[in-house]
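Data block below; observations after.
The values are calculated or read from the model by the stated rules, or taken from the named source; none is laboratory data. Just so we're clear, the structure is a prediction, and the values are computed from it rather than from any experiment. As a convention, Cβ positions derive from the backbone with ideal geometry for all residues, glycine included, and neighbour counts pool all protein chains shown. Note: accessible area is taken over every heavy atom of the protein model, side chains too, but ligands, DNA and RNA are not part of it. Shrake-Rupley method; radii C 1.70, N 1.55, O 1.52, S 1.80 Å.
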Amino acid sequence: MLRTGICLGVVTCAALAAPAAYGENLPEALAKAYQTNPQLNAERARQRATDENVPQALAGYRPQIVASLSAGLQAVRNLLPDNTIQSATLKPWTIGVTVTQTLFNGFKTANSVRVAELQVQSGREALRNVGQGVLLDAVTVYTNVLANQSLVEAQRANVAFLQETLGITQKRLNAGDVTPTDTAQAEARLSRGRADLNAAEVNLAVSQATYTQVIGNAPSQLRPAETVDRLLPRSRDDATGMAFRGHPAVMAASFDFDVATTSIRVAESSLMPTITLQGSASRSKQSDPTLGTFGTDQASVTTQLTQPIYDGGMAASQTRQSKEIATQSRQVLDQVRNQARTAAVGAWVANEGAKIAVTASEAEVRAATVALQGVQREAAGGQRTTVDVLNAQQDLILAKARLIGAQRDRVIASYTLLSAIGRLDVKNLGLNTPDYLPETHYHQVRDAWHGLRTPSGQ
């Protein structure tokens, strides 16, 4: 019994701290999640779609060319002044091309391009924020699998201990040293231990399935996870300052506010004059129903100025609407900044508390292990009962469970704090995977004048 209790006392530390001969470590799992996670890849596709807003806005600077072709069959019957009838069956056709170039539209195109570029910047920050969330999810599922594996091992050792205790108690009952009550108590604790083991195995299976969903493959021989204390700020004020200035959610909200203010000028452009230059050329045959002309060739260049006078209040309403949206965006920016500051404070406090919890849990496990050994020796001398041994064993297994949870929370808390200050990314973590650069696609499509295929060949 003493030997089994000592083994149980160290099983969790061995499971969480002993390196595996071969397996997947946390940085490798994070790299896989960064490459293959569907949520993150979907967000990258959304960002690539947002990039296309810029060439769409730039199209306003470019000429619009339209070609037309018409053909048909036309029956003509003309009554001439001398009361003669002239009839013919025509096959008219017309071909033409028109080129239109906007010279001035109230700076609508320039402001639309600015809005599209700001939307791209906001989308990049949103992508960075989703990337942080995916990496933090990966850390969580990785440490959950480790913790649940340790809990399963601890519960198995607990069941073995309780089985040995029950066997010894039955022998002492046969010898007349204990009563049937002691045997019943040992049997009850063994049944509870088996139920706890089953629950731990269920939780492990669930965490393994979640791991496969987030990382992209089933866990296999996971290595111990380490904290990222080296990347964390030194004080709570530093953490809140970093979150306030550089968190991707804050940056995205800031760009959204710029989008809203620039959109006001886009709406106001509808009240300003528009100047266009249009050139056209056409050729038509058998299109004159008077039968006086067989064919016509035309070419023209015209300049047109249009000034809205009254549109029923549409443009004015859109301008007022844009101003209210800008006010809303400003309030959202303040809200997001406050949320980022609060999250940073919470993450800092949780990380500091996790350090204390690990230290306290380790001390509790050491004390519970010593207590169990003492109770076992006293029980062997007749100074303690079987229930005292069972209670001491229960205290130890509960202490080990708390230590496992504290060690898991310690790792997650450090990564959560890194995410709260906006620094949880591939570059800062030094992961062995190429960093996804959204600006690469942006530059590939920004000045594209034509082409239906995406840069990836779709």
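Convex hull volume of the Cα atoms in the range 68-193, per residue, in Å³?
It comes to 360 Å³ per residue, whole-number rounded.
Under unit Cβ charges (Lys, Arg +1; Asp, Glu -1), what dipole magnitude, rounded to 20 debye, does the range 323-435 have relative to its Cα centre?
It comes to approximately 240 debye.
For Cα pairs less than 8 Å apart in space and 6+ apart in sequence, what is the mean separation divided by the residue count of the range 55-154, i.e. the relative contact order in percent?
26 percent.
Taking the Cα centre as origin and putting +1 on Lys and Arg beta-carbons and -1 on Asp and Glu beta-carbons, what dipole magnitude results for the chain, to the nearest 20 debye?
That gives a dipole near 280 debye.
Rule-of-thumb check for the range 323-400: C-alpha Rg over 2.2 N^0.38 Å?
Normalised Rg, Cα atoms only: 2.21.
Assuming a ≥ b ≥ c are the square roots of the Cα gyration tensor eigenvalues, decide whether the range 390-429 counts as rounded (a/c under 1.5), prolate (otherwise, with a/b larger than b/c) or oblate.
prolate
Counting each pair of different Cα atoms once, what's the Kirkwood radius of the range 242-377 in Å, rounded to one decimal?
Roughly 22.8 Å, rounded to one decimal.
In Å², what does the accessible area per residue of the chain work out to with a 1.4 Å probe?
Here the residues of the chain average 54 Å² of exposed surface.
Once Lys and Arg get +1 and Asp and Glu get -1 on their Cβ, which of Leu452, Leu390, Asn203 lies farthest toward the positive end of the dipole of the chain?
Leu452
Across the range 56-70, in residue order, what do the Karplus-derived ³J(HN,Hα) couplings come to in whole Hz, using 6.51 cos²θ - 1.76 cosθ + 1.60 with θ = phi - 60° and x for Gly and Pro?
Along the range 56-70, the couplings run 5, 6, 5, 4, x, 7, 9, x, 10, 10, 10, 10, 9, 8, 9 Hz.
Given a Förster distance of 30 Å, report the FRET efficiency between Leu291 and Val99 from their Cβ-Cβ distance, rounded to the nearest 0.05.
The computed FRET efficiency comes out at 0.40.
Highest mean first, what order results for 354-364, 141-151, 310-320, 108-118 on Cβ atoms within 10 Å?
Highest-to-lowest ranking by the protection proxy: 141-151, 108-118, 354-364, 310-320.
Which loop-located trypsin sites (Lys or Arg not before Pro) does the range 412-458 contain, where loop means any DSSP state but H, G, I, E or B and the Cβ has at most 10 other Cβ atoms within 10 Å?
Of the trypsin sites (Lys or Arg not before Pro), the ones in loops of the range 412-458 whose Cβ has at most 10 other Cβ atoms within 10 Å are Arg453.
Counting only protein heavy atoms and using a 1.4 Å probe, what share of the accessible area of the range 131-214 belongs to carbon plus sulfur, as a whole percent?
Carbon-and-sulfur percentage of accessible area, whole number: 51.
Any chance you could list the semi-axes, whole Å, largest first, of the equivalent ellipsoid that the Cα gyration tensor gives for the range 331-458, using √(5λ)?
56, 19, 11
Can you tell me, using C-alpha contacts under 8 Å and at least 6 residues apart, the relative contact order of the chain as a whole percent?
26
Give the separation of the Cα centroids, the range 259-275 to the range 374-397, in Å.
Taking the Cα centre of the range 374-397 as reference, the centre of the range 259-275 is 82 Å away.
So what's the gap between the Cα centers of the range 152-231 and the range 47-118, to the nearest angstrom?
Result: 77 Å between the Cα centres.
Suppose only helical runs count, i.e. DSSP H with n ≥ 4. What mean residue ellipticity at 222 nm does that imply for the chain under -39500 (n - 2.57) per run, divided by all residues and rounded to the nearest 500 deg cm²/dmol?
Calculated at 222 nm, the ellipticity per residue is -23000 deg cm²/dmol.
Given Cβ point charges of +1 (Lys, Arg) and -1 (Asp, Glu) and nothing else, what value in debye, to the nearest 20, does the dipole of the range 332-372 about its Cα centre take?
So the dipole magnitude of the range 332-372 works out to roughly 100 debye.
When only alpha-carbon atoms are used, what values of Rg and Dmax, in angstrom, describe the range 246-300?
Reported Rg and Dmax, both Å: 25.8, 76.
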